[in-house]
6 protein chains.
Amino acid sequence: MEIKSKFVSESIVVKNELSMPNDTNPFGNLMGGKLMYWMDIAGGIAAQKHSGTVAVTASVDNISFKKSIAPGSVITLTAKVTRAFNTSMEIYIEVVAENIPAKIKFISNSAFFTFVAIDKNGNPRKVPEAIPETEEDQVLYDGALRRRQLRLILAGRMKPADANELKSIFDAKI
Amino acid sequence: MEIKSKFVSESIVVKNELSMPNDTNPFGNLMGGKLMYWMDIAGGIAAQKHSGTVAVTASVDNISFKKSIAPGSVITLTAKVTRAFNTSMEIYIEVVAENIPAKIKFISNSAFFTFVAIDKNGNPRKVPEAIPETEEDQVLYDGALRRRQLRLILAGRMKPADANELKSIFDAKI
Amino acid sequence: MEIKSKFVSESIVVKNELSMPNDTNPFGNLMGGKLMYWMDIAGGIAAQKHSGTVAVTASVDNISFKKSIAPGSVITLTAKVTRAFNTSMEIYIEVVAENIPAKIKFISNSAFFTFVAIDKNGNPRKVPEAIPETEEDQVLYDGALRRRQLRLILAGRMKPADANELKSIFDAKI
Amino acid sequence: MEIKSKFVSESIVVKNELSMPNDTNPFGNLMGGKLMYWMDIAGGIAAQKHSGTVAVTASVDNISFKKSIAPGSVITLTAKVTRAFNTSMEIYIEVVAENIPAKIKFISNSAFFTFVAIDKNGNPRKVPEAIPETEEDQVLYDGALRRRQLRLILAGRMKPADANELKSIFDAKI
Amino acid sequence: MEIKSKFVSESIVVKNELSMPNDTNPFGNLMGGKLMYWMDIAGGIAAQKHSGTVAVTASVDNISFKKSIAPGSVITLTAKVTRAFNTSMEIYIEVVAENIPAKIKFISNSAFFTFVAIDKNGNPRKVPEAIPETEEDQVLYDGALRRRQLRLILAGRMKPADANELKSIFDAKI
Amino acid sequence: MEIKSKFVSESIVVKNELSMPNDTNPFGNLMGGKLMYWMDIAGGIAAQKHSGTVAVTASVDNISFKKSIAPGSVITLTAKVTRAFNTSMEIYIEVVAENIPAKIKFISNSAFFTFVAIDKNGNPRKVPEAIPETEEDQVLYDGALRRRQLRLILAGRMKPADANELKSIFDAKI
């Protein structure tokens, strides 16, 4: 029997990493590309946990890198599902950087990745509904439809005129 | 004396890679995270070429991964500047995947990265103007302002009401 | 002012990894050496969290690898301090392996690592006491002295006759 | 025809490595986890040489890291079988660190790993006896039974009361 | 139908890399071994492009490393076929190193690799003729026979007395 | 006081490696580029041992790859100095590949690398004479001058007419 729904908390994945020399630019700060590599791994595991099957990256939303991360920092990635759409899942990933000896800790950035669940034959497979539990879960769940419309427009698969939810972008914070 | 402007073609960077076993998911297809890692390296070199200095990743726009890339494929990344904004540069990266023995070749995906030029002391540094040369260069140059407004709104740094250029998203293909 | 004590829960570090092709033996199962590499990273971060400074590996206790871990498995490492001894900390690391599509999940193994806190000049530095909170924390705390005596004997730094705590090994499960 | 026994010297494996930036902690010294990764590879090759088949890591005994290893050091790992037990082999690994320009050389640490020989179908397979040749080989051979009992007790597979050999731990150096 | 010939330009492969900490010696300069690793990848892709199939490295000619490459440099490898010989192809690879902030750029070195085309069953496979287009292509094409004779002599597969082309080494620059 | 000479045997370096998935081509066989990477490391350590200082790769002689190396094979690299020339050393490296379960073992290839000794300031530094001990050492020592002349001609630094030793190439096996 197929599982119909799962709680958001069942998909939570934490991944701690150390910023090592080969992950840094000439100033010794963590490169964005390495961070996205780790985000993809953490997000993919969260998608596996929610779907119960292998999941592949379908898209990545806009990511901005605000502050540089010093060498030797501890990077804590936390990923969880926000909402499921038939065979795809939106995954929210938050990245915290901490330089422990320097007592510096901040949210480095966050991102939304979309993964598609894949069955044994490599075909897309239906995923359970995601049930929000916390207030944050609910906010993320509510925004998911709007972000999905933006994604479809940016990928050229939806006409802006049809994006009813997205129109709220001009009224609300995404 | 400071260089005032540079041609887009001066920044072109090509990076060929092979999809190796450790870059793949359980189906043997290239992971999105590894591809973004390579895109960040290629884009960063293009930004260095345009600015003449080290450049750090400031943001990555929405990327969608449409088709899976088979193991052993040749991945060709091509990066170039599209437009410069004071201390930042938008870089366009196109990824082509080719399975040579199977005679399969397709554009895997494309993305816009933004890099900030950094001087010796780690501070942002003014970059030359980017001069478009081809028709594609011009289209990319023209769309850069609109994409920049979308980025600022998504990062919460601009009010949608002020995004005059972006309003065209509802009329035109980005 | 120096921090005198910290709760065990303040040091908890979770690290999720995927078993990738280069981490495996010819049967496709995760190599013990790669697992110990990850355990050392996770344990070192927990030791940094407890001590508030950089910490280096001083010793690793007996580890046994009971079941093989299939390719593509999700490896979840959880590390936390058990007890502090002047400048050193014993860290407990538990490893869970999960093959999500196959619905297989088991505790792969566990281990005790000892780390020494290091100050800016590379010298050992006093660490806070570790305060156990849960029942498991208390059991781990109580056993730490016995394990420390075994370590000192195995390293040739203590005479067995002086190991009062260790004698309990012949009565109790370590 | 099955090989009944092999000399210890037939299994000797030497592995020289350089300590590279990504293998080091923030003080530039080699991380314990990387050293254990190399020890596992060297030990696994020695076990393959003795058994004539693939071998997987079953356990690692207590390892202590006494001195830090400077960046750029040459690490020389030497592994050899000490004694065979039906389908398993105890492997002794000694690690020497040498900073050649600084004329510093020392035994960094040593460890006992246990590997199990595996046949084509993934099942444990009988291994040849190991015949000690040098005085050191003989000492290692003689201590193997005692270490095996300690391992079994630590893994909860033997009652301390049954460990006749191990009782000598309270009289002799392991 | 089999392709009989291909232009040299159809095989051109460009590969840009950054010199990262783990690729360098204790002076921070790029190690020759890492450069040869990248040359082999770039050359192998060029050989795939010319032959339309997988190609394996058969030999590498003398390479000399004249100048050290500073950390953070951009390494640009360019590979192309020079001449085809039944189932093998000679590939020319040129390496340019550029330290962009320091405004230093130079040809680091160049090399000739030979690859053999392999069919689906792992057997050597006939490759198309390579048609030189530029003056440089022609010079490289003309020298290929002489270099091939040197290779065969050095590999002990040809008697020097039979190397008619090679005798020109004593008259001309290779 | 400066060391005037050292025995060849003092420089011997053995490096055992396993051929892992990421080191292989689509047929699963070890890539030439990875092998050259390991040869450079092994050769560089031998050069450090002979010179007592850091040494950088100056050139690599012709290498040919005769047989493919199966996945999971044990690769044994052995490096030693053959002859010293003022500030440079010729290093001979032999590579043996062994597929232990399949009972296949063969000399994969061999090569001559040249390294230059570097002092603390990054300048070339005089190295001790290399004293051959075995018959093989003597043969390698005797051929070193001839190979050096070939290297200088190939690098365009010597006129063929001046290469008295090299003329023997047309009479003798290199």
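FYI, it's all coordinate maths here, none of it is from the lab. Everything numeric here is computed off the predicted structure, so don't read it as measured data. Here the Cβ positions follow ideal geometry from the backbone for every residue, glycine too, while neighbour counts run over all protein chains shown.
Amide H contacts for residue D:158 (H built 1.01 Å from N in the peptide plane; partners 5 or more residues away or on another chain; cut-off under 5 Å): D:153. On the rotation that sends chain B to chain E, the chain B Cβ lying closest to the axis gives residue and distance in whole Å as B:14, 2.
Restricting to the range A:6-132, compute how many DSSP beta bridges are antiparallel as a %, nearest 5.
Approximately 95 percent, going by the DSSP bridge assignments.
Taking only the C-alpha atoms of chain D, the Rg (one decimal) and the largest Cα-Cα distance, Dmax (whole number), read 17.1, 54 Å. The mean of 1/r over all pairs of different alpha-carbon atoms in the range F:35-82, once inverted, gives a Kirkwood hydrodynamic radius of 12.3 Å.
Restricting the range A:66-174 to GluC sites (Glu not before Pro) that sit in a DSSP loop and have at most 13 other Cβ atoms within 10 Å of their own Cβ leaves A:133. The protein assembly as shown gives an Rg/Rh value of 0.97, both radii derived from C-alpha positions and Rh following Kirkwood.
Build a GNM of chain B with springs between Cα atoms under 10 Å apart, and of B:118, B:63, B:104 the one that fluctuates most is B:104.
Of interest is the spacing of the C-alpha centroids, which for the range C:3-24 and the range A:42-121 amounts to 17 Å.
Each residue of the range B:132-147 is assigned a 3J(HN,Hα), and the resulting list reads x, 10, 8, 5, 4, 3, 5, 4, 5, 4, 5, x, 4, 5, 4, 5 Hz, derived from the Karplus form 6.51 cos²θ - 1.76 cosθ + 1.60 (θ = phi - 60°), x at Gly and Pro. Relative to the longest principal axis of the Cα atoms of chain A, the long axis of helix A:32-51 makes an angle of roughly 40 degrees. Near the amide H of residue F:131, within less than 5 Å, lie the amide hydrogens of F:6, F:7, F:8, all on another chain or at least 5 residues away, with H placed in the peptide plane. Relative to the other identical copies, residue F:10 shows label-point distances of 3.6, 5.5, 5.5, 5.8, 6.9 nm, where the label point lies 7 Å from Cα along the Cβ direction and values run shortest first. Peptide A:60-73 is shielded by partner chain Cβ atoms: per residue, an average of 5 of them sit within 10 Å of its Cβ. The local environment of residue B:34, defined by Cβ-Cβ distances under 12 Å, has a net charge of -3 under the rule Lys, Arg +1 and Asp, Glu -1. Considering only F:102, F:70, F:111, the mean-square fluctuation computed in a Gaussian network model of chain F, springs between alpha carbons under 10 angstrom, is largest for F:102.
What separates the residue E:133 label point from its copies, with the point 7 Å along Cα to Cβ, is 1.7, 5.8, 6.2, 6.2, 6.7 nm, written shortest first. When the helices of chain D are scored as -39500 (n - 2.57) per DSSP H run of n ≥ 4 and the total is divided over every residue, the value at 222 nm lands at -8000 deg cm²/dmol. Sorted shortest first, the distances from the residue A:155 label point to those of the same residue in the other copies are 2.5, 4.9, 4.9, 5.5, 5.5 nm; each point sits 7 Å from Cα along Cα-to-Cβ. Computed over the range E:58-109, the quotient of the alpha carbon radius of gyration and 2.2 N^0.38 Å is 1.42. Couplings 3J(HN,Hα) for the range B:96-112, derived from phi with the Karplus relation 6.51 cos²θ - 1.76 cosθ + 1.60 (θ = phi - 60°), are 10, 10, 9, 9, 5, x, 8, 6, 10, 8, 7, 6, 6, 5, 8, 7, 10 Hz, where x marks Gly and Pro. Take each peptide in C:9-18, F:138-147, count the other Cβ atoms within 10 Å of every residue, and average; sorted highest first, the result is C:9-18, F:138-147.
Can you sort F:39, F:158 from fewest to most other Cβ atoms within 10 Å of each residue's own Cβ?
Working: F:39 28, F:158 16.
Final ranking by Cβ density, sparse to dense: F:158, F:39.
How much of the calculated P(r) for the range F:10-102 lies past 16 Å, in percent of all Cα pairs? Counting every Cα pair in the range F:10-102, those more than 16 Å apart make up 54 percent.
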